[in-house]
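Asker: Here it is: the structure, laid out below.
Computed from the coordinates by the stated procedures, all read-outs in this text should not be read as laboratory data. Quantities reported herein were computed from a predicted structural model and do not represent experimental measurements. Every residue, glycine among them, receives a Cβ derived from its backbone with ideal geometry; neighbour counts consider all protein chains shown.
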Amino acid sequence: MQSLRLANILTVLAVLAIVFPGAAPAAEEGSTVEGSGYSLFDTPSIRGFDEQKVAKDPVCDRSKRPKITKVEPDEGKPGDKLVVKGENFGTKECFQGVTFSAEPRAKVDFTFVSDTTVEVKIPEAKSGMTFITMVTGGGSTQSKPVLIKK
């Protein structure tokens, strides 16, 4: 416990020495400070930068939190299609996925329709109440309960 506390104090001191270089005595040039890791200076920031790839990458608006407002119908069997309505689902490139709480590891087939609509197929899961969780570039949202019937 005491060694963990000492390690934390040393880490904080090392960070402060980087942020406020005049606050701590500088190590002699050419010397290595124990536990300092790699230097932030004189190293290339990104190797293999591809301007075309960066230009094609989507820009996801993280300030718009998604919200599920309605699931139609609100019950179904595995394999049935549900239409999830809401707001701020983003773009197709920024939409990350859908899960059902009854079977969180199951792959859920979905079709991104628009910023306000996604169609999902109920996965093979136990019957009973479940929640639909959607993850977008702006965060995640959860539906009201949906009934899975057998």
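Asker: For labels at V83 and D61 in the simple 7 Å Cα→Cβ model, what's the distance in nm?
Answerer: So the label points at V83 and D61 sit 2.3 nm apart.
Asker: Among K64/K144; K92/K149; K85/K126; K53/K85; K92/K150; K67/K107, which pairs are too far apart, with a Cα-Cα distance over 26 Å? Write out the running numbers ahead of the final one.
Answerer: Values: K64/K144 20 Å; K92/K149 30 Å; K85/K126 24 Å; K53/K85 32 Å; K92/K150 31 Å; K67/K107 21 Å.
Among K64/K144; K92/K149; K85/K126; K53/K85; K92/K150; K67/K107, the Cα-Cα distance tops 26 Å for K92/K149; K53/K85; K92/K150.
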